[in-house]
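Here's the structure we're looking at; comments come further down.
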C-alpha cells in the first residue's frame, strides 16, 4: 500500500501521455498534458511526506514538531504555476490554429510534411 | 504509514485523472478537469501541503478551467459561424 | 567580481520588464537600441565571467546562503569556462539577431524585444546555474520565450503548427526532466548538482538512478533534437522569424547537449563512472544516427530554412559524438566546433532572411536564378556552405579535427567517416542551393508540393523600393557571423583554453570542493593540443571537395552518365521518401517516437550501466 | 504514420517507459519515511533565522528566492506570448469591431444577465478583493502568498465581467495599465533582488530585519516580494483572462440571434 502514491504518479504519467499521443482535439491534448504534469506534483509531495508529520507552518505548532519536507512543496508551487503558463500558451496556439486551419484535430494540421 | 483518507484521495485522483483523458469532448472535459483539480487540492491537504493546495484550487480548479471554457466558447462560436456560412 | 554572475541574468530580465512596462509610450527605435545595448551588456558580463572562470570556478550563492557542512541551503551559480563560454556565445548571437531584426516585425515590436531578452536571460541562467531545479526553471523560461517567438507570425499556418509541435514535445521533455529531478531529490535529498553527485557516488547505483538519468537525458535530448526525439525541430525552425531561427539553431539546441554534459559530470559520473565505456558506445551510436539520417533529409530539401533545420539536427549528432566520447580533449574540441558551427549556421539563416526580404520566397526552385543580382549575399551563402563542410581554416575545421583526433585516441577512428559524410552532405545541400539561386545553375524544376508554405516576406517595410537593395543592418550580421566562424579557427590559444575548460568541467571532485566547501580549485594546466596535421587537412579537403562534387552532381544530374544502376537509385529514393514520410507534422506521432526513444535509451542504460 | 501504426509504436514504447518509471520509483524511500538533508535543515533553521512561520514561503522567497524570480519571469513571458499569439491583425480587427457594433445594436448582453446576478456579482467584488489582498499580505504567516492571492485578485475582475459586462471590465482595468502593472511586478522582484546586492552585498539577499516571529511584517523582504508577486500574478492572470475573453466576447452577443 505504501507504494500507492508513487504508483498513482506513474499511472498519471502514462495515461496522460497516452492521451496526448492519441488525442483528436488540441484542447483535449493540452488538458492531457496537464495530467502528465500533475503526476510530478503527486510524486514530489509523496516523496517529501513524513508519516504523522505536520505541515511546515509553525504558526501554532511548537518549533521542534515533526513536519513534512518543505522543499518539495516549494518545488510543487513553482510547478503548478508553470503548468498554468504552458496551458495558457498552448490554448492560445490551439485557438489560432483553429482559426487558420478550421480544425482542432492535430492529425489534420499537417501543413508541413517530410 | 499511509493513512486511509490518503488512500481514498489517491484512488479518486487516479480515477478522475483517467477520466480526464478518456473524456474526449472538450466541454465535458473542462468540467471533469475542474473536478480533478479540486480532488488534487484535497490530496495536497492530505499530504500536509496547504500552500500547494491553495495554489491548486485557484489555478487548477478555477484558473485553468476558466481559460479552457473561454477557448472552447470561442471555438464553438466559429464552428457555428462556419455552419451558418455553408 | 563574482557579483557579475547574477547581473548577467538580472540585467536582461529587468530590461525586459522595462520594455514591456513602457510599451505604449516608447518608440520602436528606442526599444531596438535598449534591447541591443542590454544584450551587449549581458554578453560583456558573461565574457568577464569567462575570463575569471579560466582561473578558478566562480561560485555565487544567491541571498548569501552559503552551504552548511556540505549541505546546500540556497541556489548557486557555479560558473565554469565552458558554461560561461556558451553563455557568452548565446549573448553574441542574440545581439546579432537583434541588429538583424532592426527591419523586422514592425508590429508590437516591444513584445518581441522583451521576449528576446527573456530568452537570452533564460539561456544565460541555464548555462551558469549549479542547481538542478534552477536548471529546470531556466529550461522552462527559455522554452516559453521560444514557443512565443516561433509562433510570432500568427497570420500564417505553418508557424502555428511549428510552434504547437515545438511546445507540446518540449513541455513533455520538461516534465520528464522534472520526474528525473524528483527521483534524484527522493534519493539524495538535495537539489544542488555538486551535492547530488557527491551523494550518488556514496552508494552503488540502482534502478532509481538509471531511471532518473534516462528521464533527464531524454528530456534534454528532446530539446537538443537527437533522433528519435528530433521531429519537432524541422517544423519549428523552418517557420520561425529569421533572427529567431538564428538563435534557435546556433544556441538553443546545443543547450540540450550542454545540460547532458553538465549532469553527467556533476551528478552521475560518480555513480556510473565504472561503465563509461558502455555509455560512450551508446552516445556515439546515437550521435552517428542523428548525424547521418538528417543529413540525407537536409540534402533532399528545397525549402531553404527547412534544409538548414535538418543541417542543425545533423550537426547535433556530430556534437553528440564529440560529447559522448567522454574525454576532455573531445569535449574541448566539441566546444570549439559547436561555437564555430553556430556562427556559420546563424550566418546561413541570416542569408536566407535576406533572400526572403528581397525575393519573398525561400524555395530553391522558385528562386531559381533570381539571386543573380545579389552577388554579395550569394558569395556569403556559398562561403557559409563551405564552412559547414569544414573548409580550413574555419573554426568548424579546427573543431572537427580536434574531435576526430580525440576519437582516434579512444579507438573510435571510424567516426571520422561520419564526420566527413555529414559535413559534406549538409555543406553540399547549401552549395547546391547557392548554385541554383544565385547562379541559376541546373535545370528549372517544380518545387515539391509536399508542404505548402505561405510565401510571404517577414519584413514589413518591404515596399518595392525597399526590396531593391539589402539594408546595411542586414549585411552587417552576415559578415560578423562569418568572421566569428573564421576567428574560431584562427585564435591561437583557443583550443588549449577549450581543453582546459573541458577538463575543469569533468573534474567532479574539484567541482564538489569548490561548490560545497568553497575551495578555490584551480583550472588544470594542460599542454596545447597539437595543431591540425596533414591528415586532418586531408579530411577537411575531403569533406569540402566532397560537398562541391555532390552539389555539382545534384545540379547537373541530367548531364551525367548513369553511375548508379536504376533499380538501386529507385530503391534509395524510395528509402529516403519513406524516412521523410516519418516527419508527418502530426504531434501524436512525434510523442509516440519520443516515448519509444525513452524506452530504447532506458533499456540501453539499464542493461549497461548497472 | 497511420493512427494504427502509431498505436503499434506507442503501446510497447509506453509499456517500456512505464516499466522504467516504476522501476525507478521502487528505489524511493517508503512513503512517509523520507529523510531529506535539505528539507530537515530548513525545517530546523528557517523559523529562527527568518521569523516567518510558514517555511514554505520563506523557502520560496528567501532560501530559493532565485527560483521564484525565474518562475515570475515564466509567467511574465507567457503573458507576453499570449499578447503576441492572440493579437488581432490588421483587417481582422475591423471585422471583429463591426461584429462588435452589431452586438451593441442588439442591445448587447447587458440585459442577458439577470439583475439579481448582477447585484450579487458586484457585491462579491469587494470581498474577493479583500480576500486576495489578505492572502497576499499574510503569506509569511499562514498558507498562501503572492501567487494564490494574485489569482484571487484576478478572478475579482472576472466577477465584474460576470456581473456586468465586458465594457465595464475594460473600464475597471484598461489593458495598458494591466500590462504596465504586470511588467512592474515582474521587474520589482528583480529590483528587490538587486536591492539585496546593493544594500547587503549579495543578489537576492534579505536586506530587511526579519522582525519578530508571528508579526505581519516578519520575514524581512518576504512581504515585499509577496506583494511584487501578487501584483505580477494578478496582472498576468487578468491579462490572460482578458486575452481569452477578447476572443470570446462575441459569443454572448451571438447567442441571442441563434
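Name the one entry in A:26, A:104, A:45 that is more than 9 Å from chain D (Cβ to nearest Cβ), surrounded by 24 or more Cβ atoms within 10 Å (Cβ to Cβ) and closer than 19 Å to residue D:86 by Cα. Break it down into steps so the answer makes sense when it comes.
Details: A:104 fails: surrounded by 24 or more Cβ atoms within 10 Å (Cβ to Cβ); A:45 fails: closer than 19 Å to residue D:86 by Cα.
Result: A:26 is the single residue among A:26, A:104, A:45 that is more than 9 Å from chain D (Cβ to nearest Cβ), surrounded by 24 or more Cβ atoms within 10 Å (Cβ to Cβ) and closer than 19 Å to residue D:86 by Cα.
Criterion applied to D:15, D:29 was being under 23 Å from residue A:12 (Cβ atoms), modelled with pLDDT of 95 or more and surrounded by fewer than 23 Cβ atoms within 10 Å (Cβ to Cβ), and the one residue passing it is D:15.
Checking each residue of segment C:220-233 against the condition of being part of a helix (DSSP H, G or I) and in contact with a strand residue (DSSP E or B) (Cβ under 8 Å, 6 or more places away or on another chain) gives no match.
Touching a helix residue (DSSP H, G or I) at 6+ places or on another chain (Cβ under 8 Å), surrounded by 22 or more Cβ atoms within 10 Å (Cβ to Cβ), within 14 Å of chain D (Cβ to nearest Cβ) and closer than 30 Å to residue A:106 by Cβ - does that describe any residue in segment C:570-582? No, segment C:570-582 contains no residue that is touching a helix residue (DSSP H, G or I) at 6+ places or on another chain (Cβ under 8 Å), surrounded by 22 or more Cβ atoms within 10 Å (Cβ to Cβ), within 14 Å of chain D (Cβ to nearest Cβ) and closer than 30 Å to residue A:106 by Cβ.
Scanning segment C:513-563 for residues that are part of a helix (DSSP H, G or I), over 28 Å from the mean Cα position of the chain (by Cα) and within 28 Å of residue C:55 (Cβ to Cβ) yields a count of 4.
For segment C:188-215, the set of residues classified as facing another protein chain (nearest Cβ under 10 Å) and over 27 Å from the mean Cα position of the chain (by Cα) consists of C:188, C:189, C:190, C:195, C:199, C:205, C:206, C:207, C:208, C:209, listed by residue number.
When A:71, A:86 are screened for being within 7 Å of chain D (Cβ to nearest Cβ) and not in a loop (DSSP other than H, G, I, E, B), only A:71 passes. For segment C:234-242, does any single residue satisfy the condition of being at pLDDT below 95, surrounded by fewer than 24 Cβ atoms within 10 Å (Cβ to Cβ), facing chain D (nearest Cβ under 10 Å) and in a loop (DSSP other than H, G, I, E, B)? There is no residue in segment C:234-242 that is at pLDDT below 95, surrounded by fewer than 24 Cβ atoms within 10 Å (Cβ to Cβ), facing chain D (nearest Cβ under 10 Å) and in a loop (DSSP other than H, G, I, E, B).
Residues checked against (1) facing chain C (nearest Cβ under 8 Å); (2) farther than 30 Å from residue D:62 by Cα; (3) in contact with a strand residue (DSSP E or B) (Cβ under 8 Å, 6 or more places away or on another chain):
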site	(1), (2), (3)
D:10	yes, yes, no
D:13	yes, yes, no
D:16	yes, yes, no
D:31	no, no, no
D:37	yes, no, yes
D:49	no, no, no
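Of the residues making up segment D:18-29, those that are within 17 Å of residue C:595 (Cα to Cα) and either within 7 Å of chain C (Cβ to nearest Cβ) or out of contact with any helix residue (DSSP H, G or I) (no Cβ under 9 Å at 6 or more places or on another chain) (or both) number 4.
Within segment D:173-214, the set of residues being in contact (Cβ under 8 Å) with a residue 24 or more places away in the chain and over 25 Å from residue D:75 (Cβ atoms) comprises D:210, D:211, D:212, D:213, D:214. Restricted to segment C:24-39, and to residues there that are at pLDDT below 85 and either touching a strand residue (DSSP E or B) at 6+ places or on another chain (Cβ under 6 Å) or part of a helix (DSSP H, G or I) (or both), the residue that is nearest to the other protein chains (Cβ to nearest Cβ) is C:28.
Just one of the listed residues (B:71, B:14, B:41, B:53) is part of a helix (DSSP H, G or I) and either out of contact with any helix residue (DSSP H, G or I) (no Cβ under 9 Å at 6 or more places or on another chain) or more than 13 Å from chain D (Cβ to nearest Cβ) (or both), and it is B:14. Taking the listed residues D:144, D:126, D:150, the one that is modelled with pLDDT under 85 and under 25 Å from residue A:79 (Cβ atoms) is D:144, with no other qualifying. Would a scan of segment C:177-187 turn up a residue that is within 20 Å of the chain's Cα centre (by Cα) and either more than 12 Å from chain D (Cβ to nearest Cβ) or under 29 Å from residue D:77 (Cβ atoms) (or both)? Within segment C:177-187, one or more residues are within 20 Å of the chain's Cα centre (by Cα) and either more than 12 Å from chain D (Cβ to nearest Cβ) or under 29 Å from residue D:77 (Cβ atoms) (or both).
Among the residues of segment C:1-23, how many are in a helix (DSSP H, G or I) and in contact with a strand residue (DSSP E or B) (Cβ under 6 Å, 6 or more places away or on another chain)? Reasoning before the result, please.
So the first thing to find is which residues in segment C:1-23 are in a helix (DSSP H, G or I), and the list is C:4-21.
When the remaining residues are screened for being in contact with a strand residue (DSSP E or B) (Cβ under 6 Å, 6 or more places away or on another chain), the result is C:5.
Residues meeting the conditions: 1.
Do the conditions hold for residue C:278, that is, is it touching a residue at least 60 places away in the same chain (Cβ under 8 Å), in contact with a helix residue (DSSP H, G or I) (Cβ under 9 Å, 6 or more places away or on another chain) and buried (at least 24 other Cβ atoms within 10 Å of the Cβ)? Here the answer is no, as residue C:278 does not meet what is asked. Selection of first residues in segment C:2-20 that are more than 9 Å from every other protein chain (Cβ to nearest Cβ) and of second residues that are not in a helix (DSSP H, G or I), restricted to Cβ pairs under 7 Å at least 6 apart or on distinct chains, gives the following pairs, ordered by first then second residue: C:2/C:58; C:2/C:60. Tell me which residues, restricted to segment B:24-41, are buried (at least 19 other Cβ atoms within 10 Å of the Cβ) and more than 10 Å from the chain's Cα centre (by Cα). B:26, B:41 - these are the residues of segment B:24-41 that are buried (at least 19 other Cβ atoms within 10 Å of the Cβ) and more than 10 Å from the chain's Cα centre (by Cα).
Would you call residue C:155 more than 22 Å from residue A:87 (Cβ to Cβ) and surrounded by fewer than 24 Cβ atoms within 10 Å (Cβ to Cβ)? Steps first, answer last, please.
Details: more than 22 Å from residue A:87 (Cβ to Cβ): yes; surrounded by fewer than 24 Cβ atoms within 10 Å (Cβ to Cβ): yes.
Yes.
Only a single criterion out of (1) modelled with pLDDT under 95; (2) under 28 Å from residue D:76 (Cα atoms); (3) buried (at least 17 other Cβ atoms within 10 Å of the Cβ) is not satisfied by residue C:52, namely (2).
Is segment C:537-548 home to any residue that is touching a residue at least 24 places away in the same chain (Cβ under 8 Å) and within 13 Å of another protein chain (Cβ to nearest Cβ)? Looking for residues that are touching a residue at least 24 places away in the same chain (Cβ under 8 Å) and within 13 Å of another protein chain (Cβ to nearest Cβ), one finds none in segment C:537-548, hence no.
The values are calculated or read from the model by the stated rules, or taken from the named source; none is laboratory data. Just so we're clear, the structure is a prediction, and the values are computed from it rather than from any experiment. As a convention, Cβ positions derive from the backbone with ideal geometry for all residues, glycine included, and neighbour counts pool all protein chains shown.
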